[in-house]
Amino acid sequence: MSRPHRILVVEDEPVMRQLNTKMLTDAGYHVDVAEDGAVAWDTLQQKSYDLLVTDNNMPKVSGVELIEKVRAAGLALPVIMATGQPPIEELTRRPHLQPVATLLKPYTAMEFLGTVKNVLCAALFMVILLLSLPAAGHAQDSTDQPSAMTVAVRGKCECSEDGITFTNVDRNHIFEQGATIRTGENARLDLFFRRTGTTVRLQPGTEIKLEKMTLTMKNGLPVVYTLLDLRTGRIFTVVRSKVADNTMEIRNAAGRSVVEGSGIGRYIITADGTHVAAIGSVIPIKLIRENGVTIITAGQQFAPKNGKMLPVNADIWVKDYIQLDELQAIIDQTVSK
C-alpha cells in the first residue's frame, strides 16, 4: 500500500486552518500546519511534502513570498493558493511565482478536495519528469530534449540518427529528437515517452521520425510538445496525460493530428490518414487539414478518401483494441516502476 500524501497547510486564520486540516485528514491525507509563511518555511527545510496549500495575506512572510523561497530553493513542490484576495497584480509582474491552482475563499469541501486531488495527480508526473532531468551543471539545452525508450521489440527493427545510416534496435534503446525508426515486414516496436506517459506501437512496415520533442515549464509544471512524422504504415498510441498543456502532434498524408489536454486517449492512425479514436478516449483528436479542422471523438473513425466520419465497428477493430489494451498496460507497468 502506498503512503498517504503529505500536505503542509499554511493559514494564519485559526478556524480556516482547522477546517482545511480536517477536510484533508478525513480524506486520508497526512497533514501538518503552519500559522504563517515564516513557520512554513522553517518546516519545509526540515520535512518533505507532496503539496503546499497556502494563504497569501499573512504576517511575516506572505504566500507569494513563500512561493518565491520554494522556487529559489529548487523544491519540486506544487502549490495551491487558497486566499480571499488573489495577488493578481503581483503574480502578473512575476509569473514564475504563479501557483499551480488558486482557490478563492469561501470554497466548498468539494472544490477544495477536488483541486487537491487534481494537483497531486499532476504532481506525480511532475516528480517523474523532474527526476529524469539532467543534473545542474549539464548543458542547459539538454533539458529541452525529452526522450523516448523502446519497451518491447519484436522482429527486425532499425533506427537512424541521421536518416541515412540505420542500425538494429534493441529493448531499452533511448531515442532523442531527430531519430528515425522503422519496423520490418513482420516486426513491431513499442515506444514509451517517459515525460508524457504515452506509448506508441509501430506496426509492421512503419517508419516514423521523432521530429520534435521539447520541454517547457508552465505554472510550475513541465509541459511537453511532441511531433511525430508518420511516413509509412500505421501506429497505435495510448496517451495518459496529467498535464493539460501537453501536446502530441502526428503528421501524415491527411494533415496534422493534434492530441492536447489531460486524460486518456487511445488511437489508431495510419500514414495515409485513417484515424480511429477508440471508445473510452477522453481526449479527442483534432485533425488539421488544408480545408479545415475535423474533431474525432471517442468511437469515431475518419476515412481520408471521402473525408467522412463513421462510427467504429467494434467487430472489425477487435484485434486492434486488444493491442490498445496491451499498450495501456505498458504505461501502468512502466510508470509504477
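Miscellaneous remarks
- Inter-residue pairs, beta-carbon under 8 Å, first more than 21 Å from residue 232 (Cβ to Cβ) and in region 255-272, second of a type in the set (Lys, Arg) and outside any strand (DSSP E or B), 6+ apart: 262/242
- Test: residue in region 154-167 that is outside any strand (DSSP E or B) and buried (at least 20 other Cβ atoms within 10 Å of the Cβ): no
- Residues of region 274-285 that are outside any strand (DSSP E or B) and within 12 Å of residue 298 (Cα to Cα): 278, 279, 280, 281, 282, 283, 284.
- For region 254-273, filtering for residues that are at pLDDT below 90 and assigned to a loop (DSSP other than H, G, I, E, B) leaves 3.
- Residue in region 72-81 that is without any contact (Cβ under 8 Å) to a residue 24 or more places away in the chain, farther than 25 Å from residue 222 by Cβ and not charged (D, E, K, R) present: no
- Residue within region 92-102 that is modelled with pLDDT under 90, more than 23 Å from the chain's Cα centre (by Cα) and among the β-branched types (Val, Ile, Thr) present: yes
- Yes/no for residue 187 being at pLDDT 90 or above, touching a Gly at 6+ places or on another chain (Cβ under 6 Å) and either over 20 Å from residue 324 (Cα atoms) or of a type outside the set (S, T, N, Q) (or both): yes
- All conditions in (1) outside any strand (DSSP E or B); (2) at pLDDT below 85; (3) not charged (D, E, K, R) hold for residue 222, with the sole exception of (1).
- Residue 231 surrounded by fewer than 19 Cβ atoms within 10 Å (Cβ to Cβ), closer than 25 Å to residue 310 by Cα, outside the structural domain of residue 118 (by TED's automatic domain parsing) and basic (Lys, Arg): yes
- Looking only at region 168-196, and only at residues there that are assigned to a loop (DSSP other than H, G, I, E, B) and among the hydrophobic types (A, V, I, L, M, F, W, C), the one that is nearest to residue 240 (Cα to Cα): 179
- Every residue from region 234-250 that is part of a strand (DSSP E or B) and either touching a helix residue (DSSP H, G or I) at 6+ places or on another chain (Cβ under 6 Å) or surrounded by fewer than 20 Cβ atoms within 10 Å (Cβ to Cβ) (or both): 236, 238, 240, 247, 249
- For region 87-120, filtering for residues that are surrounded by fewer than 17 Cβ atoms within 10 Å (Cβ to Cβ) and without any contact (Cβ under 8 Å) to a residue 40 or more places away in the chain leaves 17.
- With respect to the stated conditions, residue 199 is part of a strand (DSSP E or B), surrounded by 23 or more Cβ atoms within 10 Å (Cβ to Cβ), under 19 Å from the mean Cα position of the chain (by Cα) and of a type outside the set (Phe, Trp, Tyr).
- Top-ranked residue in region 286-295 [being touching a residue at least 24 places away in the same chain (Cβ under 8 Å) and assigned to a strand (DSSP E or B); ranked as farthest from residue 227 (Cα to Cα)]: 289
- All positions within region 10-61 that are buried (at least 20 other Cβ atoms within 10 Å of the Cβ) and of a type in the set (S, T, N, Q): 20, 54, 56
The values are calculated or read from the model by the stated rules, or taken from the named source; none is laboratory data. Remember, it's a predicted structure, so these values are computed and weren't measured experimentally. Neighbour counts are summed over all protein chains in view; Cβ atoms, including those assigned to glycine, are modelled from backbone coordinates with ideal geometry.
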